[in-house]
Amino acid sequence: VESDTTGLAVRQDVPVGLKAGSRVTLTQRIMADTDYEYVTVSVPRPANLETVDLLSGCRWQDGLCYYLEVQDSRLLYHILSFPRGHYRFRQDYYVERPGTYHTGVSTIECSLAPEYQGRDADHTLTVE
């Protein structure tokens with residue numbers, strides 16, 4: 001899947017040189033060309049990573065308030081008011097085992113106007 005955007009964009013920074021047993025931070029770069037409301041960002045969890053923070057709840061990061069919903073296979077960021085600009089969501093993971101894994105396709109969508117959406121391409125993580 002290739003990346004695609006319509007008003008909203010999401011990009012994942014993929015780390016290199018991962019080792020089993022280490023702790024890694026994955027960063028989602030989110031961009032909005034105008035102000036939006038009721039935005040959801042979906043970030044799939046690669047199969048070899050385990051989320052450090054397992055509790056769902058309200059968070060504040062980069063001047064943005066959101067609700068983080070932690071699920072087995074993904075993280076959902078629910079944002080009530082999403083002003084125009086560039087943001088970064090960071091999530092810490094433990095690297096479980098070596099191998100080659102796909103990150104999955106991260107998506108962002110305005111719930112009130114689904115025509116405003118974006119998705120990132122699938123990336124590959126290689127763990128030694």
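The values are calculated or read from the model by the stated rules, or taken from the named source; none is laboratory data. Note that the coordinates shown come from a computational prediction; the quantities given were computed from them, not determined experimentally. Note: ideal-geometry Cβ built from the backbone for every residue, glycine included; neighbour counts use all protein chains shown. Ligands, DNA and RNA are excluded from the accessible area calculation, which covers all protein heavy atoms including side chains. Shrake-Rupley method; radii C 1.70, N 1.55, O 1.52, S 1.80 Å.
Which residues in segment 22-41 have a backbone N closer than 18 Å to a point placed 7 Å from the Cα of V52 along the Cα-to-Cβ line?
22-29
For segment 79-88, just list the computed ³J(HN,Hα) in residue order, Karplus coefficients 6.51, -1.76 and 1.60, θ = phi - 60°, integers in Hz, with x standing in for Gly and Pro.
10, 6, 10, 10, x, 4, x, 10, 9, 10
Considering only DSSP beta bridges where both residues belong to the chain, give the percentage that are antiparallel (nearest 5).
Details: 50 of 52 bridges.
In the chain, DSSP labels about 95 percent of beta bridges as antiparallel.
Normalised by the residues of the chain, what does the relative contact order come to in percent, with Cα pairs under 8 Å and at least six apart? Working shown, then result.
Values: 343 pairs, mean separation 51.2, N = 128.
Normalised by residue count, the contact order of the chain is 40 percent.
Provide the net charge surrounding R45, with neighbours chosen by a C-beta distance below 10 Å and charges set as Lys +1, Arg +1, Asp -1, Glu -1. Can you show the working numbers first?
Details: positive: R74; negative: E50, D72.
Spelling it out: positives minus negatives among the neighbours equals -1.
Under a point spin-label approximation (7 Å from Cα along Cα-to-Cβ), what is the D13-R84 distance to one decimal in nm?
Taking the simple label geometry, D13 and R84 are separated by 2.5 nm.
With every protein chain present, what is the per residue accessible area of the chain (1.4 Å probe, Å²)? Let's see the in-between values first.
Details: 6770 Å² over 128 residues.
For the chain, the solvent-accessible area averages 53 Å² per residue.
Between segment 71-128 and segment 19-66, how far is it from one alpha carbon centroid to the other, in angstrom?
6 Å
Summing Lys, Arg as +1 and Asp, Glu as -1, what charge do residues with Cβ under 13 Å from the Cβ of F82 carry, F82 excluded?
Working: positive: R84; negative: D33, D35, E37, D62, E109.
Here the count lands on -4.
With +1 assigned to the C-beta of every Lys and Arg and -1 to the C-beta of every Asp and Glu, and no other charges, what is the dipole magnitude of the chain about the Cα centre in debye, to the nearest 20? Walk me through the numbers on the way to the answer.
Numbers: 12 positive and 18 negative charges, 76 e Å.
My answer is approximately 360 debye.
Can you check what the net charge comes to around Y93, using other residues whose Cβ is under 10 Å from the Cβ of Y93 (Lys, Arg +1; Asp, Glu -1)?
On the way: positive: R23, R45; negative: E50, D53, D92, E96.
Its environment carries a net charge of -2.
Working from the pairwise distances between different alpha carbons, so that the mean of 1/r is found and then inverted, what is segment 1-74's Kirkwood radius in Å?
14.6 Å
How many nm is it between the label spots at T34 and A20, if each spot is 7 Å from the Cα in line with the beta carbon?
Taking the simple label geometry, T34 and A20 are separated by 5.0 nm.
Once you have the Cα-Cα distance between T27 and C65, take 0.36 nm times their residue separation minus that, and quote the gain in nm to one decimal. Please report the intermediate quantities before stating the final value.
Working: separation 38, 0.36 × 38 = 13.68 nm, distance 1.68 nm.
Extra length available between T27 and C65 comes to 12.0 nm.
Need the full-extension length gain, D72 to T6, defined as separation in residues times 0.36 nm minus the C-alpha distance. One decimal, nm.
The D72-T6 span can extend by a further 20.9 nm.
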